[in-house]
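Rule-based calculations on the coordinates, nothing more; no lab input. Since this is a predicted model, take the numbers as computed values, not measurements. Positions of Cβ are backbone-derived with ideal geometry, glycine not excepted, and every protein chain shown enters the neighbour counts.
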Amino acid sequence: MSRQHRAQRGHTAKSGLNDEEGVSVKDEDGFDPYRMLRISHSASTEVIRAAYQALAQEYHPDRGGMGDAEYMSLLKRAKDILFDPKKKAAFDAIHNAKVKASRPRPW
């Protein structure tokens, strides 16, 4: 598949899976939105929302001492993935495949 064809289908050289807007779901950097928000993979939408709000209040750049703009952008990236059903399903599929592939074989 040519680079141009991959770009038209939403793929890039850096990440294997993108949504229609070009936002990466899982990059080579190993970004894990669940770990970023400090929640389990089975967390409900309410838990995801509460975790994001608590961390955003703690790390928002306007908060002073603990504020961190870079960390806030990562929190927003995690929230954007987990609040969008398509992105969340795509991330979960990639994560589950990697977990399954990393398990030792029983023979």
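Observations
- Most tightly packed first, judged by the mean number of other beta-carbon atoms within 10 Å of their residues, the peptides 71-81, 54-64, 32-42 read 71-81, 32-42, 54-64.
- log₁₀ of I(q)/I(0) at q = 0.27 Å⁻¹ - segment 24-86, Debye sum with one point per alpha carbon: -1.18
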